[in-house]
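Contents: one structure, followed by commentary.
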Amino acid sequence: MKTISIVTTCFNEEENVELLYEKVKEVFKNELSEYKYEHIFVDNSSVDNTVEILKNIAKDDKNVKIIVNSRNFGHIRSGMYALLQAKGDAVISLVADFQDPPELIPTLVKKWEEKNDIVVMIKKDSAENKFMFKVRKIYYSILDKVSEVKIFQNFTGFGLYDKKVMKAINKMNDPYPFFRGMIAEVGYKVAKIDYNQPVRERGITKNNFYTLYDIAMLGIINNSKVPLRITIFIAAITAILSFFVGLGYFILKIIYWDSMTIGIAPLVIGGSFAFSILLFFMGIIGEYIGAIYTQILNRPLIFEKERINFD
């Protein structure tokens with residue numbers, strides 16, 4: 001029998017983990033009984049009852065495996081580590097808040113059995129805030145245009161990955177990975193499935209402006225050199241414009257020596273504009289330097305506090 005690994009990362013999801021476990025168990029019992037499965041929960045140091053609930057489940061069901069992080073390592077590192085712990089013939093990433101519908105698991109497995117190595121779920125629509133959904137679409141469109149490899153638009157990580165795909169990703173050994181870009185990087189045969197993402201029904205989202213900004217910048221700097229090259233072009237263009245503006249002022253001053261006064265306002269405005277551009281591109285370069293620093297440190301993705309049922 002083939003084994004399917006379901007991987008779920010969680011942080012303060014006491015309202016969802018038991019319901020998710022039951023739903024996944026029901027799917028395999030009723031629709032995928034010809035497969036064995038393991039459901040790996042990686043808890044990112046929750047401060048509610050998430051871990052206690054999972055431990056009670058794991059006592060009676062050895063299909064449930066638990067890893068408890070020693071602290072909160074963030075969803076990027078913890079999510080990647082969770083996927084790498086799976087030992088199944090295929091791995092399915094499933095979030096704890098039901099925005100990745102468990103009822104789509106059989107569809108993913110079916111596409112995999114059709115000899116697709118990667119099956120990605122593409123958000124056709126979402127019940128989330130319409131403004132945020134539009135912003136995400138714009139971001140993925142920009143990322144697709146600037147990336148050196150073709151990124152799957154509106155793909156959040158929900159999908160199925162053959163074990164050979166996970167072995168290839170593991171070889172990348174990235175301490176701060178952009179998983180969606182890595183999936184595009186490895187190649188292999190890909191199937192895409194459109195779905196409508198439901199709204200989170202229980203609990204609150206753990207994303208905020210910083211986490212969204214973090215993953216957005218990570219996606220760009222890990223997959224593109226375009227921002228660095230833009231700095232060169234913008235610097236050249238502004239230098240040329242500054243030269244001609246300065247030359248124009250010089251000629252006018254020669255012609256109208258007694259009547260023309262340059263004034264302080266153009267100098268202040270021009271200086272502020274140039275300074276803001278300088279700081280903006282220093283920030284971009286800083287992001288790349290930060291990524292290099294993280295790679296050089298090469299720290300483990302996470303440190304474990306405890307693991308259950310892996311024996």
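The values are calculated or read from the model by the stated rules, or taken from the named source; none is laboratory data. Not measured: the values here are computed from a predicted model. Glycine also receives a Cβ, built like all others from the backbone with ideal geometry; neighbour counts cover every protein chain displayed. Surface areas here come from the heavy atoms of the whole protein model, side chains and all, with no ligands, DNA or RNA. Shrake-Rupley method; radii C 1.70, N 1.55, O 1.52, S 1.80 Å.
So for Ile240, Ile151, what's the accessible-area order with a 1.4 Å probe, most first?
Working: Ile240 95, Ile151 5 Å².
From most exposed to least exposed: Ile240, Ile151.
In whole Å, how far is the Cα centre of region 135-187 from that of region 97-126?
Region 135-187 and region 97-126 have Cα centres spaced 16 Å from each other.
Residue by residue, what Karplus-based ³J(HN,Hα) values in Hz, rounded to whole numbers, does region 289-295 have, using 6.51, -1.76 and 1.60 with θ = phi - 60° and x for Gly and Pro?
3J(HN,Hα) across region 289-295, in whole Hz: 5, x, 5, 5, 4, 4, 5.
Keeping the other protein chains in place, figure out the carbon and sulfur percent of the accessible area of the chain, with a 1.4 Å probe.
60
Quick one: 3J(HN,Hα) in Hz for region 277-285, Karplus 6.51/-1.76/1.60 with θ = phi - 60°, rounded, Gly and Pro as x.
With coefficients 6.51, -1.76 and 1.60, one gets 4, 4, 5, 4, 6, 5, x, 4, 4 Hz.
If you take the square roots of the eigenvalues of the alpha-carbon gyration tensor of the chain and sort them as a ≥ b ≥ c, do you get rounded (a/c under 1.5), prolate (a/b over b/c) or oblate?
In terms of gyration-tensor shape, prolate.
Assigning unit charges at the beta carbon (Lys, Arg +1; Asp, Glu -1) and nothing else, what dipole magnitude in debye, to the nearest 20, does the chain show about its Cα centre?
That gives a dipole near 860 debye.
What list of ³J(HN,Hα) couplings, whole Hz, do you get for region 27-44 from phi and the Karplus terms 6.51, -1.76, 1.60, once you set θ to phi - 60° and write x for glycine and proline?
4, 6, 5, 8, 10, 10, 5, 7, 10, 8, 8, 10, 10, 9, 9, 10, 8, 8
What FRET efficiency comes out for Lys189 versus Lys305 if R0 is 41 angstrom and r is the Cβ-Cβ distance? Round to the nearest 0.05. Can you show the working numbers first?
Working: r = 38 Å, r/R0 = 0.93.
After rounding, the FRET efficiency stands at 0.60.
May I ask which of Lys2/Lys189; Lys59/Lys171; Lys137/Lys167; Lys87/Lys167; Lys36/Lys164 have a Cα-Cα span longer than 22 Å here?
As for pairs spanning more than 22 Å Cα to Cα, those are Lys59/Lys171; Lys137/Lys167.
Filter the GluC sites (Glu not before Pro) in region 1-107 down to the DSSP loop ones having no more than 15 other Cβ atoms within 10 Å, then list what survives.
Passing sites in region 1-107 are Glu31, Glu34.
Starting from the 7 Å offset along Cα-to-Cβ, what nm value, one decimal, do you get for the label separation of Phe275 and Lys164?
About 5.8 nm separates the two model spin labels.
How far apart, in nm, are two points set 7 Å out from the Cα along the Cα-to-Cβ line at Ile237 and at Glu103?
A separation of 4.9 nm, rounded to one decimal place.
Under the rule of at least 5 residues apart or a separate chain, name every residue whose amide H is placed under 5 Å from the amide H of Glu14.
Sorted by chain and number, the residues that satisfy this are Asn49, Thr50.
Compute the length gained on full extension between Lys23 and Gln153: take 0.36 nm times their separation in residues and subtract their Cα-Cα distance, giving the result in nm to one decimal.
Length gained between Lys23 and Gln153: 44.0 nm.
List every residue whose amide H lies under 5 Å from the amide H of Ile122, counting only residues 5 or more places away in sequence or on a different chain, with H placed 1.01 Å from N in the peptide plane.
Ile193, Asp194, Tyr195
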